[in-house]
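Written below as structure tokens is the structure these notes are about.
Taken together, the values in this text are just the output of simple stated rules run on the coordinates, not laboratory data. The structure presented is a predicted model; accordingly, all values stated were derived computationally and were not measured. Cβ sites come from the backbone with ideal geometry, for glycine too, and all protein chains shown count toward neighbours.
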Amino acid sequence: MKTTLLHSSEKLYFALVAILFFFLVTDSFGQNQKISDLSKHKYALQNLIMGIQSENDGVRESAIYLAGQYRFIDTEDALIKQLKVEKDSDIKVLIGLALYRMDSEKGMNELLGLATQDKNPRVRRMSSAIYSEYLVNNSNRTAVVK
């Protein structure tokens, strides 16, 4: 009697562990939708552009990072517009990196102007480095270097 009870409790324990493992594995997948599904949402692009133009530094930084990380080329004009009015040097560099990841020719031309005319030496140095890297990666294109 004891052995059958012990044997059935081992089976029950094994079944519970297997069920728990199954639920943990299926729940651990972080992103349930493809990013293309999210970008096709009715307000996704509009919200991202609003985030890029936000007065809140954290929201603005996150929106710029997201636009660059997922290469949302539709945000290119908003990023260039924000680059022209941005006061925070770190966010200027982040915008430059986002435009670089998008392989934006218009953005790189703006970055070239920033590399020569910005007041902050770090922004000038980083903009110049990003632009130089863009030229190396796109050497088949012609570019004007000032």
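Picking from Gln46, Gln53, Gln82, which residue would you name as being of a type in the set (S, T, N, Q) and buried (at least 20 other Cβ atoms within 10 Å of the Cβ)?
Details: Gln46 fails: buried (at least 20 other Cβ atoms within 10 Å of the Cβ); Gln53 fails: buried (at least 20 other Cβ atoms within 10 Å of the Cβ).
Testing whether each residue is of a type in the set (S, T, N, Q) and buried (at least 20 other Cβ atoms within 10 Å of the Cβ) leaves just Gln82.
Give the residues of region 99-109 that are among the charged types (D, E, K, R) and part of a helix (DSSP H, G or I), sorted by residue number.
Step one: filter region 99-109 for residues among the charged types (D, E, K, R), giving 101, 103, 105-106.
Within region 99-109, Arg101, Glu105, Lys106 meet the criteria.
Taking region 110-133 only, how many residues are part of a helix (DSSP H, G or I) and in contact (Cβ under 8 Å) with a residue 12 or more places away in the chain?
Total satisfying the criteria: 14.
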